[in-house]
Amino acid sequence: QVQLVESGGGLVQAGGSLRLSCVASGVIFSNYAMGWFRQAPGKEREFVATISGDTWSTIHSNSVKGRFTISRDNANNTAYLQMNSLKPEDTAVYYCAAKERTLTQKENEYNYWGQGTQVTVSS
């Protein structure tokens, strides 16, 4: 059974940093692309970043490019989202997701999802 568990969310002031983690179990982790998505109150869930299984390829959304960095540690079945220079508009529930093979920004192509972790950025 595939399970994704996020952690690392919390309350931070604008300009601060957080690192989210997503630990996967029940999969051959390196066979899966990992993605991060977020959903703010009253808004649809949106793509944040994705990384290929071999770690060589990444895509970041324009809204986070230059501030957030996705990475992964295949030896420890963990994906990360380093978030710097946080803004109030980054406030959302952040979800990690997994899909086999190639990375994608398309939410509906991810097969497995975590429960989400809340990130709140105060002004």
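The values are calculated or read from the model by the stated rules, or taken from the named source; none is laboratory data. Since the model is a prediction, treat every value here as computed from it, not as a measurement. FYI the Cβ positions are ideal-geometry reconstructions off the backbone, even for glycines, and counts take in every protein chain you see. Accessible surface is based on the protein model in full, side chains and every heavy atom, while ligands, DNA and RNA are left aside. Shrake-Rupley method; radii C 1.70, N 1.55, O 1.52, S 1.80 Å.
Annotations
- When the surface is traced with a 1.4 Å probe over the full set of protein chains, residue 89 keeps roughly 120 Å² accessible.
- Accessible surface of the chain [probe 1.4 Å, protein heavy atoms]: carbon and sulfur percent: 44 percent
- Taking all protein chains together and a 1.4 Å probe, the residues 5, 119 rank 5, 119 from largest to smallest accessible area.
- If you take all other residues with their beta carbon under 14 Å from the beta carbon of residue 29, and give Lys and Arg +1 and Asp and Glu -1, the sum is 0.
- Estimated dipole of the chain in Debye, rounded to 20 [Cβ of Lys and Arg +1, of Asp and Glu -1, Cα centre]: 160 debye
- Options 13, 1, 92, ranked by Cα towards positive dipole end of the chain, top entry (Cβ charges): 13
- Quotient of C-alpha Rg and 2.2 N^0.38 Å, computed over region 49-113: 1.12
- Each Lys or Arg adds one and each Asp or Glu subtracts one; over the other residues with Cβ under 12 Å from the Cβ of residue 52, this totals +1.
- 21 Å Cα-Cα reach of residue 65 towards lysines, excluding residues that sit fewer than 8 places from it in its own chain: 43, 87, 106
- Span from the region 42-89 Cα centroid across to the region 1-29 one, whole angstrom: 10 Å
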